[in-house]
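Notes follow once the structure below has been shown.
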Amino acid sequence: MATSVSTLVNSRKIKFKAWDTASRLLLRLDSIECNRGELYRQHHILLQFTGLLDMDDVEIYEADVLLIGYDQYVVTWSEAQSGWYYAPLRKPAQQQIFVSAVARQMKRFCSYFELQRDEPAGNP
């Protein structure tokens with residue numbers, strides 16, 4: 001039995017989390033504004049779901065930091081390659097294609113933004 005294009009298109013989940021730049025918190029969103037086809041949320045950095053799950057079935061989002069043992073990797077979207085990639089956190093230029101077989105060997109640790117040590121906005 002052949003799979004229809006509409007079944008393939010509708011099977012992908014498009015989800016987002018957001019880094020609130022003011023409160024410095026990672027949030028799940030209730031809604032996102034759309035302006036001429038572009039999604040945005042004021043004072044937030046939108047982080048898209050990659051469609052992949054880690055070894056514990058936890059959803060992996062853009063800018064997530066993942067672990068293999070003690071090694072840390074970050075997930076990014078590559079405009080040049082039109083796909084999801086991961087790279088060592090301290091060597092982001094060493095990108096490798098991010099696929100389900102790789103994701104299933106990793107454990108989600110946190111979002112890259114949660115690792116930043118700057119003080120929250122408004123604090124001395």
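Just so you know, all these numbers are worked out from the coordinates, no wet-lab data involved. Note that the structure is a prediction, hence the values are computed from the model and not measured. FYI the Cβ positions are ideal-geometry reconstructions off the backbone, even for glycines, and counts take in every protein chain you see.
Computed quantities for the displayed model
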item: Hits in region 33-56 (condition: surrounded by 14 or more Cβ atoms within 10 Å (Cβ to Cβ) and more than 24 Å from Val102 (Cα to Cα)); result: Arg41, His44, Ile45
item: Filter pass, Trp19 being in contact with a Gly (Cβ under 9 Å, 6 or more places away or on another chain) and within 19 Å of Cys110 (Cβ to Cβ); result: no
item: Any strands (runs of 3 or more DSSP E) falling wholly within region 4-53 and containing at least 1 residues that are touching a strand residue (DSSP E or B) at 6+ places or on another chain (Cβ under 7 Å), in contact (Cβ under 8 Å) with a residue 60 or more places away in the chain and under 22 Å from Thr76 (Cβ atoms); result: 16-20, 25-28, 44-53
item: Of residues in region 57-100 being in contact (Cβ under 8 Å) with a residue 24 or more places away in the chain and outside any strand (DSSP E or B), the one surrounded by the fewest Cβ atoms within 10 Å (Cβ to Cβ); result: Ser100
item: From the options Asp20, Asp30, residue that is over 17 Å from Ile97 (Cβ atoms), loosely packed, with under 14 Cβ neighbours inside 10 Å and of a type in the set (D, E, K, R); result: Asp30
item: Selection count where residues are loosely packed, with under 13 Cβ neighbours inside 10 Å and of a type in the set (Asp, Glu), scope region 101-117; result: 0
